[in-house]
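S.K.: The structure that follows is given in the form of structure tokens.
The values are calculated or read from the model by the stated rules, or taken from the named source; none is laboratory data. From a predicted model like this one, the values you see are computed outputs, not experimental measurements. Here the Cβ positions follow ideal geometry from the backbone for every residue, glycine too, while neighbour counts run over all protein chains shown. Note: areas computed on protein heavy atoms with side chains; ligands, DNA, RNA excluded. Shrake-Rupley method; radii C 1.70, N 1.55, O 1.52, S 1.80 Å.
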Amino acid sequence: MTRVCIVGAGYVGLVTGLGLAELGHDVLCVDVDEGKVDAINAGRAPIHEAGVHDLLRMHVGTGFRASSHLAEAIAASQLTLLCVGTPSSANGSIDTSAVERAAAHIGSALPSAEPGHCVIVKSTVLPGTTDGTVTEVLAQFSGMSPGVEFGVGANPEFLTEGQAVEDFLRPDRIVIGGDELALAALRKLYAGLPDVPLVVTNARTAELVKYASNAMLANAISFANEIANLGSAIGGIDAMEVMRGVHLSRYLTGKGPDGSPVRAGLAAFYEPGCGYGGSCLPKDVAALAALGREMGLPLLLLDAVAAVNDGQPARLVAATEAALKGLPGRRIAVLGLAFKPDTDDVRCSPAFPVLHALVAGGAAVVAHDPIVGAEVLEREGLTEVAHVADLQSAIKAVDAIIIVTRWADYGALPGLLAELDPAPVVVDGRRMLDPSSVPHYAGIGR
Ligand code: NAD
């Protein structure tokens, strides 16, 4: 058992903390947001994420607690996981000020911690941040020697929102990098997951594994979208059919022991749609590209990946405009505000550029999401858009329905539309419906 301090009780910190408590560790989760701390200690999850609520109820007050007192938490623990946010800054790079501020506070508290305490960066940071800035700040504020009196390492997080708890308990890999103290502490921390492939390396390699992994996924999505856009321009081509043919390549569909086809998970990323969003892919692609520019090594491929993605919401709007023969005065329901299903995270959701373009085009717009509430629209400056909580009401008396998020609820649309006369056109930004299941269908890459 390790006594763990988590700094930052957001998506990553909370899920990691609860997962570690489930593995039998003793976890103290620190956050500057006292509302979050109080909610967690009262057993209320501040995020919508499958499994979090159950784990919280199971462990809160025993193996898992939240606190707003960092120094006390460091003094009481053997290992600190730094999980604060690293948002995009204006030039596309990342803003590491929260990491640096937290490192300064941790450094100040280190002298009162157990000898050999390890500080592990779990936040996504550019290669060289952990063994550079973070180590320097910790050494400066503690007056102690890194690698000797305290350990420093990187352990990037690969969780997927919507299945984050499952990803923690059954990860595809664990990547750890750092000095000997940090590596030993991390091996012990994850000993409860013995069958998981472990990549043991230096901190900057671990940091780049995270960026390279997300860049690869974004690359696949933009590739599929670029092919879909070309198919649309040529005409008479359905990009879903193209991609189904591509998926059958032996590199994406192998054979199981009994000869049955086994599709690689990556194939799901080679599908046309209205683009990736969320708190990771856009930010990580931009940060890596910005690093390349800063180093005099422009990353041409990643710049193109981002440019293709930035254009996808406008394509969805153009498909709607074409189907309706104009936007002014048209009534449109946009379905989905979360950047993906099963999460309430709306960071960089493609829904927002779509909504802004529809409003600017003079349409009367309503928005629906099974989880995300109306306050988000106000925050995004979309006060003209009405939030309708009930799906059936949202699609009543509209000329078009645009699917932005692949929520399972929207699978009910064919049945709901059968009751509407005239039926609106469905513009399927996720290609989730069978085109023949609704009266009027348009989709990306058709
Ligand atoms: P988040 O914004 O949900 O959470 C960050 C938390 O840190 C907030 O609760 C904030 O109040 C707290 N915080 C900020 N400064 C603090 C300080 N000095 N002391 C204590 N708490 C502090 O962020 P997130 O989505 O959990 O992401 C955290 C990091 O993990 C980022 O670098 C992100 O890129 C990376 N990451 C995120 C995901 C994801 O799916 N969300 C996946 C992999 C990696």
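S.K.: Taking R0 as 41 Å, what's the FRET efficiency between Ala50 and Ala322 from their Cβ-Cβ distance, rounded to 0.05?
M.R.: 0.65
S.K.: Work through the residues other than Val305 whose Cβ is under 12 Å from its Cβ and net out their charges, Lys, Arg +1 and Asp, Glu -1.
M.R.: That works out to -4.
S.K.: Using θ = phi - 60° and the Karplus relation 6.51 cos²θ - 1.76 cosθ + 1.60, list the HN-Hα couplings for the range 30-45 in order, rounded to whole Hz, with x at every Gly or Pro.
M.R.: For the range 30-45, the Karplus curve yields 9, 9, 6, 8, 5, x, 5, 4, 5, 4, 4, 5, 8, x, 9, 6 Hz.
S.K.: Also, I was wondering about something else. Taking N as the number of residues in the range 3-201, what is its Cα Rg relative to 2.2 N^0.38 Å?
M.R.: 0.94
S.K.: Placing unit charges on C-beta atoms (Lys and Arg positive, Asp and Glu negative, everything else neutral), compute the dipole magnitude of the chain about its Cα centre in debye, rounded to 20.
M.R.: Roughly 740 debye, rounded to the nearest 20.
S.K.: If each residue of separation counts as 0.36 nm, what is the full-extension length gain between Ala264 and Glu241 once their alpha-carbon separation is subtracted?
M.R.: This chain segment gains 6.5 nm when fully extended.
S.K.: List every residue whose amide H lies under 5 Å from the amide H of Gly278, counting only residues 5 or more places away in sequence or on a different chain, with H placed 1.01 Å from N in the peptide plane.
M.R.: Sorted by chain and number, the residues that satisfy this are Cys348, Ser349.
S.K.: May I pose another question? For Ser97 and Ala374 in the same chain, what is the full-extension length gain: residue separation times 0.36 nm, less their Cα-Cα distance, in nm?
M.R.: Extending this stretch completely gives an extra 96.7 nm.
S.K.: How large is ³J(HN,Hα) for each residue in the range 312-319, as worked out from phi by the Karplus curve 6.51 cos²θ - 1.76 cosθ + 1.60 (θ = phi - 60°), to whole Hz, x for Gly and Pro?
M.R.: With coefficients 6.51, -1.76 and 1.60, one gets 5, x, 5, 5, 5, 5, 5, 5 Hz.
S.K.: Rule-of-thumb check for the range 168-270: C-alpha Rg over 2.2 N^0.38 Å?
M.R.: 1.49
S.K.: I would also like to ask the following. Rounded to whole Hz and in sequence order, give me ³J(HN,Hα) for the range 144-153 from the Karplus expression 6.51 cos²θ - 1.76 cosθ + 1.60, θ = phi - 60°, writing x for Gly and Pro.
M.R.: Whole-Hz 3J(HN,Hα) from phi for the range 144-153: 10, 8, x, x, 10, 8, 9, x, 9, x.
S.K.: Right, something else. Give me, ordered by chain and number, the residues 5 or more places off His387 or on other chains with an amide H under 5 Å from its own placed amide H.
M.R.: Under 5 Å from the amide H of His387 lie the amide H atoms of Ala367, each far enough along the sequence or on another chain.
S.K.: If you look for lysine pairs in the chain that are eight or more places apart or on different chains, how many of them have Cα atoms under 23 Å apart?
M.R.: For the chain, the number of qualifying lysine pairs is 10.
S.K.: Still on this structure, please answer the following. Determine, at each q value in 0.10, 0.19, 0.22 (inverse angstroms), the log₁₀ of I(q)/I(0) that the Debye formula gives when each Cα of the range 334-446 is one equal point scatterer.
M.R.: Ignoring solvent entirely, the Cα scatterers give -0.25, -0.97, -1.32.
S.K.: Compute the FRET efficiency between Glu136 and Asp195 as 1/(1 + (r/R0)^6), taking r as their Cβ-Cβ distance and R0 = 22 Å, and round to the nearest 0.05.
M.R.: 0.05
S.K.: Next question. Could you work out Rg/(2.2 N^0.38 Å) for the range 104-151, with Rg from alpha carbons only?
M.R.: Dividing the Cα Rg of the range 104-151 by 2.2 N^0.38 Å gives 1.06.
S.K.: If amide hydrogens are placed 1.01 Å from N in the peptide plane, which non-local residues have theirs closer than 5 Å to the one on Ala264?
M.R.: Placed amide hydrogens put Thr253, Gly254 under 5 Å from Ala264.
S.K.: Can you give me the C-alpha center-to-center distance between the range 372-403 and the range 195-243, rounded to a whole angstrom?
M.R.: When both Cα centres are located, 30 Å separates them.
S.K.: On to the next question. Ignoring ligands, DNA and RNA, what percent of the accessible area of the chain is carbon or sulfur (1.4 Å)?
M.R.: 55
S.K.: Shifting gears a bit: Based on the alpha-carbon gyration tensor of the range 138-226, what equivalent-ellipsoid semi-axes (square roots of 5 times the eigenvalues) come out, in whole Å, largest first?
M.R.: Gyration-tensor ellipsoid for the range 138-226: 29, 17, 11 Å.
S.K.: Report D for the range 218-443 in µm² per second (integer): Stokes-Einstein, Kirkwood Rh on Cα pairs, 25 °C, 0.890 mPa s.
M.R.: The calculation lands on 133 µm²/s.
S.K.: Hey, another quick one. Where only protein heavy atoms count, and the probe is 1.4 Å, what is the accessible area per residue for the range 3-201 in Å²?
M.R.: With the other protein chains kept in place, the range 3-201 gives 40 Å² per residue.
S.K.: Two-decimal Rg/Rh of the chain from alpha-carbon positions, Kirkwood Rh?
M.R.: 1.00
S.K.: For the pair Gln163 and Ala104, how long in nm is the line joining their label points, each one 7 Å along Cα→Cβ?
M.R.: For Gln163 paired with Ala104, the spin-label model returns 4.1 nm.
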